[in-house]
Amino acid sequence: MAMFPALMNDSIFSDLFDDPIFSGWNGGRGSSAALPEGSASTNMMSTDVQDKGDNYLVDIDLPGFKKDDISIQLEDGYLTVSAKRQDTKEDKDKDGKWLRRERYAGSCSRNFYVGDGVKDSDIHAKFEDGTLHLEVPKAEMPKVEARHNIAIEG
């Protein structure tokens, strides 16, 4: 499986990233965002993943969001990071008449397959300066037998 943004999900690169943590970046259970038709949802949650040997360091940009706007869940081997925000700006003149009134509501979500062996207590998260920093251990992958030739009868 390959896990990288749908934006990069090109046949040229599809075989290069076969690590399980990249499996959710290609759509399906991958990513979604509440954006106008045709917008690139991955722009909302630009993500960097570093392989540190026994774990991954994942940095997700969430500008404009606060720590309380962000939710992280682990279910069936999928780590889901979502953020939701509502904002209202109101300006009135001295008589209380509206000069401007704007409302914004938005959400975005991203899923990563981290493996069934990872527990939520093993994942560490920190949010600072608009970036969510995650430390995710690598799941123990089942060992694959060495290749054996099978005789063809006939």
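Is it true that Arg110 is at pLDDT 90 or above and either more than 20 Å from Asp54 (Cα to Cα) or assigned to a loop (DSSP other than H, G, I, E, B) (or both)? Here the answer is yes, as Arg110 does meet what is asked.
Looking at this structure, is Gly115 at positive phi, in a loop (DSSP other than H, G, I, E, B) and modelled with pLDDT of 85 or more? First the steps, then the outcome.
Values: at positive phi: yes; in a loop (DSSP other than H, G, I, E, B): yes; modelled with pLDDT of 85 or more: yes.
For Gly115, the condition - at positive phi, in a loop (DSSP other than H, G, I, E, B) and modelled with pLDDT of 85 or more - is met.
Please tell me if Arg100 is in a strand (DSSP E or B), exposed (fewer than 11 other Cβ atoms within 10 Å of the Cβ), of a type outside the set (A, V, I, L, M) and touching an Asp or Glu at 6+ places or on another chain (Cβ under 6 Å). So Arg100 passes the test. Comparison of Ala151, Ala139, Ala105 shows that the only residue that is assigned to a loop (DSSP other than H, G, I, E, B), aliphatic (A, V, I, L, M) and in contact (Cβ under 8 Å) with a residue 40 or more places away in the chain is Ala139.
The values are calculated or read from the model by the stated rules, or taken from the named source; none is laboratory data. Keep in mind that this is a model prediction, so the values were computed, not measured. Ideal geometry is used to build each Cβ from the backbone, glycine not excepted, and the neighbour counts take in all protein chains shown.
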